[in-house]
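As structure tokens, the structure follows; a few thoughts come after it.
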Amino acid sequence: MSGHGGRQGLFPLTLLLFSVGGVHFGVATDQVLGTTGYKGPGQAQGEAPFWFHRAVEFPSDPAYIEPTAVLVKPKGQEACSVIIDAMQEIIEVGVDEIQPFPAVLEPFARRKGLWGVCPRFGRMFLLVDLERLAGAEQASLS
Amino acid sequence: MEPSTERLKSDELLDEVKRALHEKDVVDVEEERVKIVVFRSGGIRYAFYGSDIREILPPREIFWVPSLPACLPGLINVRGDIESVIDIRHFLGGEQTDVTKCLIAIAVRGDFRSGILIDSVEDVLDLPLSSIKPPLSSLGGVARELAAGEIELGEQTATLLNIDMLAAKVTL
């Protein structure tokens, strides 16, 4: 991250790309404190882990190919692990490569921490704020 | 040639032409016309005001987004711009065809902008406003709420849909 402070200073943004159930997502790498292969509840760091697909309301449980626990720390809350799948690569994107959700969808998407869209490689990467998602998930459990 | 004060036949002809032209203008003003896009959704015939439809796109991949209601199947990429997609069959009923085979009408009205899944475009018509009748009383449920009127197309009819009402239906 640059220290310019202005809105443009937030870009370029470094994204960690992953997919769950064939749907592609991206998260800003500065939200990711660490990653580890997930083999069961005892392995994850921080608070009890939660599954990404449940937090964003997939209609059914997708098969995970390579589950990975991503450690995030929501503001003012304990660090916790979010279990994602199929980590792909890390890319850098400019401000002009990201679009907000269309107005019709945005209120629904924002409720689940989805804040933007990045079309890349013929796919549509949905950008997710894992800190917000994890924070909401922790708040709902407490 | 010296100008003549006598009215010639050509003067009368020209008067007649101008009178006819004026009458035509009067008729055009009196009979306001509207463009209508007639389409099928779920096997049933409907229509939109042509002024509400920006373009009709061929079938394309719709990218699913979690947490959306059933009437919103996801996103499409239109020449690099991301657009939402509404499945109006959720409101209107009818046959459920594969969404990947549906055309997508891009509707724009005021601040509202979205793709709308349709089966096919039947016709684009220029109709007198008076040909739009009130919605059929037999229409029920959400279709009744979305109906702006009814259009006679020969022996058949099409329900004219109100984009504003559709927008209100899908707004959180």
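Readers should treat all values here as calculations from the given coordinates under stated rules, not as data from a laboratory. The structure displayed is predicted, hence computed values, not measured ones. All Cβ positions, glycine included, derive from the backbone under ideal geometry; neighbour counts span all protein chains shown.
Say each of B:VAL142 and B:ASP98 gets a label point 7 Å from the Cα, pointing the same way as Cα to Cβ; how far apart are those two points in nm?
Label at B:VAL142, label at B:ASP98, 2.4 nm between them.
Pick from B:ALA105, B:ALA148, B:ALA70: which residue has the top mean-square fluctuation in a GNM of chain B where Cα pairs under 10 Å get a spring?
Greatest mean-square fluctuation among the candidates belongs to B:ALA70.
Relative to 2.2 N^0.38 Å, what does the C-alpha radius of gyration of the stretch B:80-135 come to as a ratio? Two decimals please. Mind dumping the intermediate values first?
Numbers: Rg = 13.9 Å, N = 56, 2.2 N^0.38 = 10.2 Å.
For the stretch B:80-135, the normalised Cα radius of gyration is 1.37.
What does the convex hull of the Cα atoms of chain A come to per residue, in Å³, rounded to a whole number?
Working: hull volume 17.7 nm³, N = 142.
That works out to 125 Å³ per residue.
Sequence-distant or interchain residues sharing an amide H contact under 5 Å with B:GLY149, placed H: which?
B:LEU160
Using the structure shown, list the pairs from A:LYS112/B:LYS169; B:LYS18/B:LYS133; B:LYS35/B:LYS101; A:LYS73/B:LYS169; A:LYS75/B:LYS169 with a Cα-Cα distance above 29 Å, or answer none.
B:LYS18/B:LYS133; A:LYS73/B:LYS169; A:LYS75/B:LYS169
For A:THR14, what charge total do you get from the other residues with a beta carbon under 9 Å from its beta carbon, if Lys and Arg give +1 and Asp and Glu give -1? Can you show the working numbers first?
Details: positive: none; negative: A:ASP30, A:GLU92.
Within the 9 Å Cβ shell, the charges total -2.
Taking the simple approach of a point 7 Å from Cα along Cα-to-Cβ for both A:ALA103 and B:VAL17, what is their distance in nm?
Those two pseudo-labels are separated by 5.0 nm.
Can you list residues whose amide H is under 5 Å from B:VAL78's amide H, if they're 5+ apart or on another chain and H is modeled 1.01 Å from N?
When sequence neighbours closer than 5 places are left aside, the close amide H contacts are B:GLU83.
Only bridges whose two residues both fall in the stretch B:33-170 count here: according to DSSP, what percent of them are antiparallel, nearest 5? Spell out each step's value before the answer.
On the way: 39 of 43 bridges.
Just about 90 percent of them are antiparallel.
Restricting the calculation to Cα positions, tell me the Rg (one decimal) and the Dmax (whole number) of chain B in Å.
Taking only Cα atoms of chain B, I get Rg and Dmax of 22.8, 85 Å.
Test of understanding: in a Gaussian network model of chain A with alpha carbons linked when under 10 Å, which of A:ARG120, A:ARG110, A:ARG132 would top the mean-square fluctuation ranking?
Largest GNM mean-square fluctuation: A:ARG120.
Among A:MET124, A:MET87, rank each residue by its count of other Cβ atoms within 10 Å, from fewest to most, as a rough exposure measure.
Values: A:MET124 23, A:MET87 17.
Ranked by crowding around the Cβ, least crowded first: A:MET87, A:MET124.
Across the residues of B:44-55, average count of Cβ atoms on other protein chains within 10 Å? Intermediate values should be presented prior to the final figure.
Details: counts 0, 0, 0, 0, 0, 0, 0, 0, 0, 0, 0, 0.
Rounded to a whole number, the mean comes out at 0.
Report the full-extension gain for the segment B:GLU31 to B:GLU61: residue separation times 0.36 nm, less the Cα-Cα distance, to one decimal in nm. Intermediate results must be reported in sequence, preceding the final value.
Values: separation 30, 0.36 × 30 = 10.80 nm, distance 4.23 nm.
That pair, B:GLU31 and B:GLU61, stretches by 6.6 nm at full extension.
Using +1 at the Cβ of each Lys and Arg and -1 at the Cβ of each Asp and Glu in the protein assembly as shown, identify which of A:PHE18, B:VAL142, A:VAL72 lies farthest towards the dipole's positive end.
A:VAL72
May I have the convex hull volume per residue, in Å³, for the Cα set of the protein assembly as shown?
On the way: hull volume 72.0 nm³, N = 314.
In the protein assembly as shown, the Cα hull volume divided by residue count equals 229 Å³.
If amide hydrogens are placed 1.01 Å from N in the peptide plane, which non-local residues have theirs closer than 5 Å to the one on A:ARG123?
none
For the stretch B:65-80, just list the computed ³J(HN,Hα) in residue order, Karplus coefficients 6.51, -1.76 and 1.60, θ = phi - 60°, integers in Hz, with x standing in for Gly and Pro.
Karplus-based 3J(HN,Hα) across the stretch B:65-80 equals 10, x, 6, 8, x, 4, 6, 10, x, x, 10, 10, 9, 10, 6, x Hz.
Between B:ASP123 and A:SER142, what FRET efficiency comes out of the Förster formula 1/(1 + (r/R0)^6) with R0 = 35 Å and r the beta carbon distance, rounded to 0.05? Don't skip to the answer; put the middle values down first.
On the way: r = 58 Å, r/R0 = 1.67.
The computed FRET efficiency comes out at 0.05.
Under a GNM of chain B (C-alpha, springs under 10 Å), which listed residue has the highest mean-square fluctuation: B:ASP15, B:ASP123, B:ASP87?
B:ASP15
Once both axes come from the Cα atoms, what is the angle between helix B:9-30 and the longest principal axis of chain B, in degrees from 0 to 90, rounded to 10?
20
Please give the helix A:130-141 orientation as an angle from the longest Cα principal axis of chain A, in degrees from 0 to 90, rounded to the nearest 10.
40
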